[in-house]
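Shown next, in structure tokens, is the structure this report addresses.
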Amino acid sequence: MSKFPKDFLWGGATAANQYEGGYNEGGKALTISDVTTAGSHTQPRRIGWVIPETGEKGVYQMEFGKPVSFPEGAIPCVMEDTYYPSHKATDFYHHYKEDIALMAEMGFKTFRMSIAWPRIFPDLASETPNEEGLKFYENVFDELLKYGIEPLVTLAHFEIPIELVLKYGGWKNREVIDLFVKFSTTVMKRFKGKVKYYLTFNEINMMEFMQIGTIGLLEVNHQTKAQSAYNQFMASALTVKAAREIDPEIKVGMMLAYQPIYGETCDPADQLFALKIAQEQFLWYADVQVGGRYPNFKLKEYERNGVVLDTREGEAEILEKYACDFLSFSCYGSGVQGTHDDGTGRAGGNGLMGRKNPYLNANAWGWATDPNCLRIALNQLYDRYHKPLWIVENGIGWDDKVEEDGSIHDTYRIDYLRANIESMRDAINLDGIPLMGYTMWGCIDLVSAGTGEMKKRYGFVYVDMDDQGNGTLKRSKKDSFYYYKKVIASQGEDLD
Ligand code: BGP
């Protein structure tokens, strides 16, 4: 069986707010994640709010897919006696040497992590970055490079500084474009020669389903959401422009939350419905960020909704000229969409996955494993964009059991990995897709973004910590650790 390319970037992926901890150390300012409580599969995560003028307090429930709406004048706040999972997360801040050694032992060629914006600019308008924040990441990159692990850096992974919301009103404000570009430029200059791969906005299309943590809006409507997306596209294009000026070796990717969408039946109405979902929730973001222009269906939708974008002369050319170099995406499964309700119920996932797929098995959170989703996704995206691709998230959350002797037998994760690696392998070998790499999500256990739980674990390495933040933070290798090590060592040939 054919191998993966020699320079294929095998690795794992994380995000600062779910993994790093040290939320108030090293001069870092607070983000929206730092005021977001834990939740569960059935209980949404929450954000406390207060209306400063009246002192009235309340709690906002983050329901996935429901447009955000805080009461008028309310601002997010920290609630007393409340556990906030991002504060400690799984403490990469203090464990990075140990964790990177474990990644090296697995044979990682790359490691995806994000930089917390308010660690670099605790005061967004300041012209001087926070040296302690820069130094932390520099130490991490040096440690990675010591083992020959290539850093893949997300510049914004659900990282909304509180100041961005309170002072600027979130991403709908055009001023934020310059603030972000100052941040990305500072980072790329400082780490020139150390970091070659950047992603601008994690799952940029997640703003379709969850706006407070992605674009920092306390109230959303067609106009503010559209303007926020535009401002992020411009910030992304100007980051690509800066990258080319700083170091032509740097490659900047977009990051899309993707899932192949299956029409529920062969009823043409279902097929049309599925096509529109794919365009509106996923593809149009890549049409702009990778393709360089707004698709007609989006412009028509704006017209229907009375949306008028605030743009400047020359920006359309910038979007086109500085489209991203490659398209990275997360893909955990597929979605089923249609117009018939046959009572099969809703599926779980990191997007609006639609109905349950009766052909697939799901985990306890309703996320189904689709053995063909990566090959289908890779073909769909390459056919449309003809740019190199990179799978930067894929994986399965499970409440792993630690045996008496400390071992963790995560065969379900190994089975998931095998099926997904086979799917990628076929896309490369049978379909000729240029795939740069694969970073499994949450390679070392971290906090779930959707639920704030610890028990929804993705790692090859177990971290001793429970849903209330109790635990020693001790790291232990799961069976999948040895499996992935073998896969990497054999360049994807030994999948048994
Ligand atoms: C993606 C996010 C990640 C991650 C992952 C798994 O949408 O980019 O941050 O957490 O989904 O989701 P969850 O943590 O909810 O299981």
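The values are calculated or read from the model by the stated rules, or taken from the named source; none is laboratory data. As the structure is a computational prediction, the values presented were derived from the model and not from experiment. Note that each Cβ is placed from the backbone with ideal geometry, even for glycine, and that neighbours are counted across all protein chains shown. Accessible surface areas use protein heavy atoms only, side chains included; no ligands, DNA or RNA. Shrake-Rupley method; radii C 1.70, N 1.55, O 1.52, S 1.80 Å.
What do you reckon, is Ala316 open to solvent by 10 Å² or more (accessible area, probe 1.4 Å), modelled with pLDDT of 95 or more, farther than 20 Å from Trp171 by Cβ and assigned to a helix (DSSP H, G or I)?
When the stated conditions are applied, Ala316 does not pass them.
Can you pull out every residue in segment 33-53 that is farther than 25 Å from Glu159 by Cβ and either among the acidic types (Asp, Glu) or in contact (Cβ under 8 Å) with a residue 12 or more places away in the chain (or both)? Working first, answer last.
Within segment 33-53, the subset farther than 25 Å from Glu159 by Cβ is 42, 51, 53.
Across segment 33-53, the qualifying residues are Ile51, Glu53.
For segment 1-49, how many residues are of a type in the set (S, T, N, Q) and away from the ligand (no atom under 16 Å from the Cβ)? The number of residues fulfilling the criteria is 2.
Any residue at all in segment 437-451 that's away from the ligand (no atom under 16 Å from the Cβ), more than 21 Å from Ser407 (Cα to Cα) and at pLDDT 95 or above? Spell out how you get there, then give the answer.
Going residue by residue through segment 437-451, those that are away from the ligand (no atom under 16 Å from the Cβ) are 437.
Then keep just the ones that are more than 21 Å from Ser407 (Cα to Cα); that gives 437.
Within this subset, residues satisfying the condition of being at pLDDT 95 or above are 437.
Within segment 437-451 (the criterion being away from the ligand (no atom under 16 Å from the Cβ), more than 21 Å from Ser407 (Cα to Cα) and at pLDDT 95 or above), the answer is yes, since at least one residue qualifies.
Scanning segment 364-376 for residues that are within 20 Å of the chain's Cα centre (by Cα) and within 15 Å of the ligand (Cβ to nearest atom) yields Trp365, Gly366, Trp367, Ala368, Thr369, Cys373. Against the condition aliphatic (A, V, I, L, M), crowded, with 19+ Cβ neighbours inside 10 Å and within 30 Å of Glu98 (Cβ to Cβ), how does Leu155 come out, does it pass? Yes. Across segment 377-393, the qualifying residues are those that are within 16 Å of the ligand (Cβ to nearest atom) and assigned to a strand (DSSP E or B), and the one among them that is nearest to Asp464 (Cα to Cα) is Glu393.
Give the residues of segment 61-97 that are charged (D, E, K, R) and surrounded by 14 or more Cβ atoms within 10 Å (Cβ to Cβ), sorted by residue number.
Start the filter on segment 61-97 by keeping residues that are charged (D, E, K, R), which leaves 63, 66, 72, 80-81, 88, 91, 97.
Hits for segment 61-97 are Lys88, Asp91.
Scanning segment 327-361 for residues that are more than 13 Å from the ligand (Cβ to nearest atom) and either among the acidic types (Asp, Glu) or within 21 Å of Met440 (Cα to Cα) (or both) turns up Leu327, Ser334, Gly335, Asp341, Asp342, Leu360, Asn361. From (1) open to solvent by less than 60 Å² (accessible area, probe 1.4 Å); (2) of a type in the set (Ser, Thr, Tyr); (3) touching a residue at least 40 places away in the same chain (Cβ under 8 Å), pick out the condition that doesn't hold for Thr344. Among (1) open to solvent by less than 60 Å² (accessible area, probe 1.4 Å); (2) of a type in the set (Ser, Thr, Tyr); (3) touching a residue at least 40 places away in the same chain (Cβ under 8 Å), the lone unmet condition for Thr344 is (3).
Among the strands (runs of 3 or more DSSP E) confined wholly to segment 394-483, which include 2 or more residues that are crowded, with 22+ Cβ neighbours inside 10 Å?
Details: elements: 435-441, 461-463, 475-477.
So the answer is 435-441, 461-463.
Which condition does Lys189 not pass, out of (1) over 30 Å from Val68 (Cα atoms); (2) buried (at least 18 other Cβ atoms within 10 Å of the Cβ); (3) over 20 Å from the mean Cα position of the chain (by Cα), if it passes all the others? Only one criterion is unmet by Lys189, namely (2). List the pairs whose first member sits in segment 387-399 and is within 15 Å of Gly450 (Cα to Cα), whose second member is surrounded by fewer than 23 Cβ atoms within 10 Å (Cβ to Cβ) and of a type in the set (Val, Ile, Thr), and whose Cβ atoms are under 8 Å apart, counting only residues at least 6 apart or on separate chains? Close Cβ pairs (under 8 Å, with a partner that is surrounded by fewer than 23 Cβ atoms within 10 Å (Cβ to Cβ) and of a type in the set (Val, Ile, Thr)) amount to Ile396/Thr369.
Thr369 passes every criterion in (1) within 26 Å of Lys455 (Cβ to Cβ); (2) among the hydroxyl-bearing types (Ser, Thr, Tyr); (3) touching a Gly at 6+ places or on another chain (Cβ under 6 Å) apart from (3). If the condition is being free of Cβ contacts under 8 Å to residues at least 60 places away in the same chain and open to solvent by 60 Å² or more (accessible area, probe 1.4 Å), then segment 158-167 contributes only Lys167.
Please name all residue pairs, on different chains or six or more residues apart, with Cβ atoms under 9 Å, provided the first residue is in segment 287-313 and is farther than 22 Å from Ile177 by Cα and the second residue is among the basic types (Lys, Arg). Pairs that qualify, where the first residue is farther than 22 Å from Ile177 by Cα and the partner is among the basic types (Lys, Arg), are Phe297/Lys276. Being surrounded by fewer than 18 Cβ atoms within 10 Å (Cβ to Cβ), under 27 Å from Val153 (Cβ atoms), at pLDDT 95 or above and not basic (Lys, Arg) is a condition met by at least one residue of segment 249-267.
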